[in-house]
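The values are calculated or read from the model by the stated rules, or taken from the named source; none is laboratory data. Remember, it's a predicted structure, so these values are computed and weren't measured experimentally. Because the Cβ atoms are built from the backbone with ideal geometry, glycine has one as well, and the counts that use them run over all protein chains shown.
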Amino acid sequence: MLQRLLLALLLAVGVSVGASAGEPGSAVSEPGRKLFRENCAACHGRYGGGDGPVAGALLMAPPDLTQLATRNGGEYPAGLVASYIDGRKLVSAHGDRSMPVWGTEFWLQAGADSGAEAAVKAKIDELVKFVGELQQN
């Protein structure tokens, strides 16, 4: 119970963890990098390896996001990644939905009205693009 409370608190205040892809100076999705740092890195780690600062407090270890293409026959599954982020795809390891449904979170942040949908899609697209840039051979 204390671990879940700590996790919720850390996510609520936005653990400030840097995220970077590729070599210094490489072209990466800057909006995606920022969104990843603010919303994903606490669990998934600054480089997507599943080693974020709160990963140890989770019941199931976050996956290594750098290996998604490798585990998918060499092709990055962008549509599947988007469905995890926006909440269309449930992950059994997430149990009671510990991973926030960022589609809902982004929609609320954008004003929770009909105009928010485009802003949400843009954020999710940037996150999906950035996670794609984290892929390693």
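Only one entry in Ala93, Ala69 is modelled with pLDDT under 90, outside any loop (DSSP other than H, G, I, E, B) and not charged (D, E, K, R), namely Ala93.
Does Ala112 qualify as being surrounded by fewer than 19 Cβ atoms within 10 Å (Cβ to Cβ), at pLDDT below 85 and in a helix (DSSP H, G or I)? In short, no.
Among the residues here, Tyr76 does not qualify as hydroxyl-bearing (Ser, Thr, Tyr) and within 14 Å of the chain's Cα centre (by Cα).
Filter region 29-78 down to the residues that are in contact with a His (Cβ under 9 Å, 6 or more places away or on another chain), farther than 24 Å from Ala119 by Cβ and of a type in the set (A, V, I, L, M), then identify the one that is surrounded by the most Cβ atoms within 10 Å (Cβ to Cβ).
Taking the candidates together, the pick is Ala55.
Number of residues in region 35-55 that are touching a residue at least 60 places away in the same chain (Cβ under 8 Å) and hydrophobic (A, V, I, L, M, F, W, C): the value is 3.
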